[in-house]
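First the structure, in the form of C-alpha cells, and then the observations on it.
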Amino acid sequence: MNRKIIVIDDDESILQDYRQILAPLPGGISDMEKEAAALEAELFGDTEKISPKEEERYELSTALQGQEGWEKVRNAQKSGFPFSLAFIDIRMPPGWDGVETACRIRESDPNIEIVIVTAYSDRDRQEIVKKVGVPEKLLYLKKPFDPEEIRQMALSLTRKWNLEQRAIRHRKYLERLLVAVRRLKTLSISSVRGVLTAILNEVLHLIDARKGFIAKFECGRADVEITSENIAFSDTESLIKKITSRLPDISDITRINGIMVLPLKDLVGNYFILVWDSEFPMSDDKLSLVRLLLETCSEVLENVRKQEQYLRNERIATIGQIAAGIIHEVNNPLTAIIGTTQMNSLYSENIWDLVDHCDTFIKDPDMPPHIIRQFKEIRQRNKVDKIRKDMSRNYEIIETGVERIRALMDNIRNFSKVSDDFDPICDDVGEALESTLILAYNALKHGVTVHKNWDPPLLARCDINGLRQVFLNLILNAVQAMDGKGDLWISGKEENEKIIISVRDSGPGIPAAERENIFKAFYTTKESGTGLGLSIVRGIINKHNGSIRAESEVGQGAVFHVEIPAGDI
C-alpha cells in the first residue's frame, strides 16, 4: 500500500506539526490513534488486525517551497514510487504560491490527491479548481487545522488513491485478458505446437513476465514443449528433473522452487506453464483473471486437437475437390482484376499523353506568362511526376501479385491431381522443386533459410505431380524436425544417367534405431503423426524405378537422397 505523503509549507513549525501527526516517533498508541483505526474499519470494512500505530504512520516528505516540492513529486513519479497525497499551503513567499505549485504537480502526476491548506479566503475556489483541474482529487483545509482532521484526510485520501490504482490495474489486466481471449479464440493455427506457442505468449503478457516454458507431463515423464526466446533449453531440463514428481498433484496455480506453475489441461495430455520471472503471490483479482485465461487456453487446445484429428481422417481426394472449387472461384476475380488494371493502364496512358502535350504547349514563347505560371503551379502542387511514377510501379505490383497467385493456383491444381495411375512423361524435376517450395512457403517463411543448388533442366520421364508430393513431404518433415527454424539445403544434379535430389536439414538428426524404420507404414515418432508419409513417398519413387535413402548423425541434421532415372525409363 502506498502511504507516501508530501507536505509543502514555508513554515518549519507547521511542517513539524505534520510530522508529529502523520509520522510520529515509535511509542505508545494514543486514544486518538485508536479512534482513527476504528474510523478506518468503519469506513472501509477492513477486517485485518493491524495495529493503529502501524496504520497511522506514513512515509512523509516535506518541502519549504513550491518548486522544491514539485521537484520531489516529479522525481518520485519518474522513479515509479509516486506520492499518493500532497498537502500544499496556499501562500509561500517568495516562490510559487500553492495554486501554481498544485498546477505544476498536477501536470507531473495526474493521479496524486491534493489538499490546499490556507488561513485566508481571498482565493476563489472555482478559480483554483479551474487552474488545478481534476476536482475529484482536490480538497481544501482551513488553518488552524485539527490534528484529527489531518489524520482523517490522510487516511481517506491515501486509501482512495490506493483503491483507484487497484481499480486501474484490474481494468488493465481485464483488458489484457479480453484481448488475449479474443486472439486465442480467433487463432488460425491448426497445430498443437503453434497453439501452445500462442498460449505461452498470452499468459506471459497477462502476468507481466518474459521468461517461461510449457512442459507436458505424460506417463510419469515431463518433457519441454515450448520455451520463450530468452530461456536456455538446458535450464528448463534441469528444472524439469527437480519438479517432475510434484506435477501430478498440482491442480491450481502454485509456486515451486521460485517458479510459478500454472496447470493447463486438455483432453489428451496434461500441460504445465512454468514462469521464471512472475510476481508472486498475486492479488486475488489477478489470479482469477489468470484462471479464466487458462480455461480459455484449455478450450482452444482441445478444439485444435479435435481439428487435427478431423484433418487426419480427411481423404486427399476430398481436399482436391475443395481445391478445384477454390481455384475456379479465385481465377474468376483474378481475371477481372488484371483486365480492369490493364484498362486503367491504357486510360492513364491517354491522360499522360495529354499532360505531355500540355508540357509542350507551355514551352511555346507566345504562350502568356501567367498561363505558364499557373500550369507549372498546378503541376507542382499535384506532384504529377511522382504520381506518374507511382502509378506505373503500382501497376507492376498488381500484375506481379496476380501472376504469383495464378502460379500458386496452378501448383495446387497440379498437386491435387495425384492419383494411383502412373502415366509418366518427360518433364523438368527442377520445376517440380520450385513449385513445391511455393506450396511450402507458409511453413518456411517464419524461420527457415532455404539454400537451393541445382541447374535446370533436370529432365526425367516421370509423374511430375507425384514428385511434387515426394518433395513436399520431405520439405515439411525437415521443417518439423527443426521446429520451424534452421537451414534447409536442396540440391539436384544429373549423374550417371540419374537425377539425384537431396534434401538436408539442420535439425537434431535421426537416431540409427529409428532410421531403420522410418519408411515402414504406420511407423512414426511424432505425437500426432500417421506414419504413412515416408511410406507413400517410397511407393511413388518405386514406381519411377528409383530409390530413396536417409543419412543422419544425431546432432548434425538429416539428408534424404532421391534418385530416379534421367530421360526415358
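Check S502 against each of (1) within 30 Å of D427 (Cα to Cα); (2) among the small types (G, A, S); (3) modelled with pLDDT under 90 and name the one condition it does not meet.
Single failed check for S502: (3).
Matching residues to (1) basic (K, R); (2) in a strand (DSSP E or B):
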{"site": "A443", "(1), (2)": "no, no"}
{"site": "G466", "(1), (2)": "no, no"}
{"site": "I475", "(1), (2)": "no, no"}
{"site": "V479", "(1), (2)": "no, no"}
{"site": "K493", "(1), (2)": "yes, yes"}
{"site": "S502", "(1), (2)": "no, yes"}
{"site": "A513", "(1), (2)": "no, no"}
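Please determine whether any residue of the stretch 264-280 is closer than 24 Å to V195 by Cβ, touching a Lys or Arg at 6+ places or on another chain (Cβ under 8 Å), part of a helix (DSSP H, G or I) and among the β-branched types (V, I, T).
No: the stretch 264-280 contains no residue that is closer than 24 Å to V195 by Cβ, touching a Lys or Arg at 6+ places or on another chain (Cβ under 8 Å), part of a helix (DSSP H, G or I) and among the β-branched types (V, I, T).
Between a residue in the stretch 169-193 that is farther than 21 Å from V290 by Cβ and in contact (Cβ under 8 Å) with a residue 24 or more places away in the chain and any residue that is surrounded by 13 or more Cβ atoms within 10 Å (Cβ to Cβ) and among the aliphatic types (A, V, I, L, M), which pairs come within a Cβ distance under 8 Å, given they are 6 or more apart or on different chains?
Sorted first by the residue in the stretch 169-193, then by its partner, the pairs are I189/V195; I189/A198; I189/V304; S190/V304; S191/V304; V192/L301; V192/V304; R193/I226.
Can you tell me how many residues in the stretch 71-102 are part of a strand (DSSP E or B) and touching a Ser or Thr at 6+ places or on another chain (Cβ under 9 Å)?
So the count comes out to 4.
Among residues belonging to the stretch 443-489 that are in contact with a Gly (Cβ under 7 Å, 6 or more places away or on another chain) and of a type in the set (D, E, K, R), point out the one that is surrounded by the most Cβ atoms within 10 Å (Cβ to Cβ).
The selected residue is R461.
Check the stretch 173-193 and report whether any residue there is surrounded by fewer than 16 Cβ atoms within 10 Å (Cβ to Cβ), aromatic (F, W, Y) and not assigned by TED's automatic domain parsing to the domain that holds D284.
no
Can you tell me which residue in the stretch 206-236 is farthest from the chain's Cα centre (by Cα), limited to those that are within 26 Å of R176 (Cα to Cα) and exposed (fewer than 12 other Cβ atoms within 10 Å of the Cβ)?
By that ranking, first place goes to N230.
With the structure loaded, tell me whether A86 is closer than 23 Å to S13 by Cα and either among the hydrophobic types (A, V, I, L, M, F, W, C) or not assigned by TED's automatic domain parsing to the domain that holds L155 (or both) or whether it fails that test.
yes
Can you confirm whether E54 is modelled with pLDDT under 70 and not small (G, A, S)?
yes
Working only within the stretch 545-569, note down all residues that are buried (at least 18 other Cβ atoms within 10 Å of the Cβ) and touching a Gly at 6+ places or on another chain (Cβ under 8 Å).
Scanning the stretch 545-569 gives S552, G557, A558, V562, E563, I564.
Taking the criterion of being under 30 Å from T335 (Cβ atoms), part of a strand (DSSP E or B), at pLDDT 80 or above and β-branched (V, I, T), would at least one residue in the stretch 385-396 satisfy it?
no
Give me a count of the residues in the stretch 163-197 that are under 13 Å from the mean Cα position of the chain (by Cα) and under 28 Å from I112 (Cα atoms).
1
Please specify each residue of the stretch 432-442 satisfying the condition of being of a type in the set (A, V, I, L, M) and surrounded by 16 or more Cβ atoms within 10 Å (Cβ to Cβ).
A432, L433, L437, L439, A440
The values are calculated or read from the model by the stated rules, or taken from the named source; none is laboratory data. What you are looking at is a predicted structure, and each value in this text was computed from that prediction instead of being measured. Cβ atoms come from the backbone with ideal geometry, glycine included; neighbour counts cover every protein chain shown.
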